[in-house]
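The values are calculated or read from the model by the stated rules, or taken from the named source; none is laboratory data. Being a predicted model, the structure only gives us computed values, none of them experimental. Backbone-built Cβ (ideal geometry, glycine too); neighbour counts: all protein chains shown. The protein model used for the area step is the full one, side chains on, heavy atoms only, and it has no ligands, DNA or RNA in it. Shrake-Rupley method; radii C 1.70, N 1.55, O 1.52, S 1.80 Å.
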Amino acid sequence: MATLTSNPNFLSPVGFQFKIDYQEFPNLEYFATACTLPGFSLTSVETPYRGVNLAMTGDRLAFDELALRVNVTENLENYIETFNWMHRVISTAGKEEDLKYDATLLILSSHNNVSKEIKFKGVFPTSLSSIEFNTQLENVDYVQADISFGFTNFEIN
């Protein structure tokens with residue numbers, strides 16, 4: 001049976017850290033400004049029965065993509081890290097599994113202590129957003145890039 005929480009504080013959307021292999025991707029980790037915890041669904045199976053389709057519980061989970069937003073550095077280091085990672089994935093036929101990494105989304109409490117760790121297994125980039133350069137902007141809004149990742153599974157600790 002579930003019990004009522006003993007912590008009445010609400011989750012802050014600014015209290016997080018994103019961790020991935022720091023040796024390979026130091027700029028993705030350091031300049032992350034937003035991360036979306038993926039949604040997921042349990043597929044259902046339609047079973048025909050006496051002229052209707054009954055929904056039965058399925059046996060597969062379907063995950064949304066892990067989304068990360070980063071401030072792009074002036075020399076594009078984090079953009080280039082992801083760009084090169086994606087190119088290595090497509091150029092190493094048969095060895096794509098070697099280019100998957102584990103990542104962790106650390107959820108911080110109201111006192112900036114780690115309260116939950118969400119561990120993603122087998123992370124790999126699936127999309128990298130475009131970057132617009134525009135001389136007609138009135139304010140300097142620093143460039144951000146959105147990166148989507150596929151992954152094998154995730155667990156919450």
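Calculate for the chain the 222 nm mean residue ellipticity that helices alone would give, adding -39,500 (n - 2.57) per DSSP H run of length 4 or more and normalising by residue count, nearest 500 deg cm²/dmol. Don't skip to the answer; put the middle values down first.
Numbers: 2 runs with 20 residues, N = 157.
Mean residue ellipticity, 222 nm, calculated: -3500 deg cm²/dmol.
Judged by the mean number of other Cβ atoms found within 10 Å, the most tightly packed of the peptides 48-54, 91-97, 103-109 leads the ranking 103-109, 91-97, 48-54.
Shown is the FRET efficiency for LEU108 and THR152, computed with R0 = 25 Å from the Cβ-Cβ distance and rounded to the nearest 0.05: 0.50. Couplings 3J(HN,Hα) for the range 120-129, derived from phi with the Karplus relation 6.51 cos²θ - 1.76 cosθ + 1.60 (θ = phi - 60°), are 9, 9, x, 7, 8, x, 10, 7, 10, 5 Hz, where x marks Gly and Pro. Classify the range 40-136 as rounded, prolate or oblate, taking a ≥ b ≥ c as the square roots of the eigenvalues of its Cα gyration tensor: rounded when a/c is under 1.5, otherwise prolate if a/b is larger than b/c and oblate if not. Prolate is the answer for the range 40-136, as a/c is 1.5 or above and a/b outweighs b/c. Within straight-line reach of LYS119, meaning a Cα separation under 22 Å, sit the following lysines at least 8 residues removed in sequence or on another chain: LYS19, LYS100.
To the nearest ten degrees, helix 77-91 and the longest principal axis of the Cα atoms of the chain are 60 degrees apart.
Placing unit charges on the Cβ atoms of the charged side chains and taking the dipole of the range 1-153 about its Cα centre, the candidate lying farthest along the positive direction among THR92, ASN75, LEU105 is LEU105. On the beta carbon distance between GLN136 and ALA67, with R0 = 25 Å, the FRET formula returns roughly 0.30. Report note on the peptides 37-44, 138-145, 66-73, 20-27: ranked by the mean count of other C-beta atoms within 10 Å, highest first, their order is 66-73, 20-27, 37-44, 138-145.
Which value, in Å², gives the accessible area per residue of the chain when a 1.4 Å probe is used on the protein heavy atoms? Present the calculation step by step, with values, prior to reporting the outcome.
Values: 11350 Å² over 157 residues.
In whole numbers, the chain has 72 Å² accessible per residue.
Atom-type composition of the exposed protein surface of the chain places 52 percent of the accessible area on carbon and sulfur (1.4 angstrom probe).
Annotation: extensible slack from THR3 through ALA93 equals 27.5 nm (criterion: 0.36 nm per residue apart, minus Cα-Cα distance).
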